[in-house]
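Some notes on the structure that comes next.
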Amino acid sequence: MDEEILSQITKAAEDSLKNPGKTAGPLPKDKVGPDDNFIVVFRHGESEDNVNRIFSGWRDQTDITEVGVKQAEALRLGLNKLHIHEVITSDQLRSKHTARIAFATHPNLDNLVWKEDWRIKERNYGDLNGKSKEEAMAMNPEEAIKWRRGYETPPPSGESIKVVEARVWPFLDELVDYIKQHKINAALSASGNSMRAIRRYFEKLTVLEEMTVENPLGMDFALYRI
């Protein structure tokens, strides 16, 4: 791996370990007119594993914290202004709980269609699921950096980001076609790494941008015109 790239992904990984979900600015939001359809995307609120610096991955034993609840409530300020028809969560507790809180007072609540799709769940960290990020960084920092922020390097028995894209992008292809056909607006409750793949799909990020961008825990959403 190029030393400059390694330096950048190392900094991103270390910054994320210190301040999970801390971003430099708001997420992108396309301008939409009354006849436009769109997708909004947000990351789940702070989880217990975020606080404890644990690789959550596909394990589902962790819920959002009180701070995560507040973050999900903050999402309402923007989401309540948008006409949403469908809410799609992953099959993980933290994704579903965040979405339920975020849409609890939505003007279209009674008519919202709720769906689940496993393809937008968090990255599978394999043997690292449930393990400490800090311990992994201390024991084998160079490998841990590649596991966390490398594009094609999977953790042992886990998924690389490239593999995550391979499940997220077909889901998005299907959703975009569905939105165009049915003229609806959808909201996605994603996780940190599935949201990376979603953002690269819509924003045409480079691989390096995808691997170094940090997505906020709750609080904010991206909006993409379809």
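Tally the residues that are within 14 Å of residue 85 (Cβ to Cβ) and out of contact with any Asp or Glu (no Cβ under 6 Å at 6 or more places or on another chain), restricting the search to the range 100-114. Step through it out loud before you land on a result.
From the range 100-114, those within 14 Å of residue 85 (Cβ to Cβ) are 103, 106-114; that's our starting set.
From what's left, out of contact with any Asp or Glu (no Cβ under 6 Å at 6 or more places or on another chain): 103, 106-112, 114.
Number satisfying all stated conditions: 9.
Of all residues in the range 203-226 being free of Cβ contacts under 8 Å to residues at least 40 places away in the same chain and not aliphatic (A, V, I, L, M), which is surrounded by the fewest Cβ atoms within 10 Å (Cβ to Cβ)?
Residue satisfying both the conditions and the ranking: 204.
So residue 53 clears everything in (1) touching a helix residue (DSSP H, G or I) at 6+ places or on another chain (Cβ under 8 Å); (2) modelled with pLDDT of 95 or more; (3) among the basic types (Lys, Arg) except one condition, right? Which one?
(2)
Six or more apart or on different chains, Cβ under 7 Å: which pairs go from a residue in the range 3-18 that's closer than 16 Å to residue 53 by Cα and in contact (Cβ under 8 Å) with a residue 24 or more places away in the chain to one that's acidic (Asp, Glu) and in a helix (DSSP H, G or I)? Could you list them?
Between residues of the range 3-18 that are closer than 16 Å to residue 53 by Cα and in contact (Cβ under 8 Å) with a residue 24 or more places away in the chain and residues that are acidic (Asp, Glu) and in a helix (DSSP H, G or I), the close pairs are 17/134.
Just name the residue that is nearest to residue 99 (Cα to Cα) out of those in the range 170-226 that are among the polar types (S, T, N, Q) and assigned to a loop (DSSP other than H, G, I, E, B). It would help to see each step written out before you state the result.
Going residue by residue through the range 170-226, those that are among the polar types (S, T, N, Q) are 181, 185, 189, 191, 193-194, 206, 212, 215.
Next, from what is left, pick out any that are assigned to a loop (DSSP other than H, G, I, E, B): 185, 191, 206, 215.
On the way: 185: 15, 191: 12, 206: 29, 215: 16 Å.
Looking at residues that are among the polar types (S, T, N, Q) and assigned to a loop (DSSP other than H, G, I, E, B), I get 191.
State which residue is surrounded by the most Cβ atoms within 10 Å (Cβ to Cβ) when the search covers only the range 140-154 and only residues that are in contact (Cβ under 8 Å) with a residue 40 or more places away in the chain and in a loop (DSSP other than H, G, I, E, B).
Across the range 140-154, the extreme among qualifying residues is 150.
The values are calculated or read from the model by the stated rules, or taken from the named source; none is laboratory data. Not measured: the values here are computed from a predicted model. Note that each Cβ is placed from the backbone with ideal geometry, even for glycine, and that neighbours are counted across all protein chains shown.
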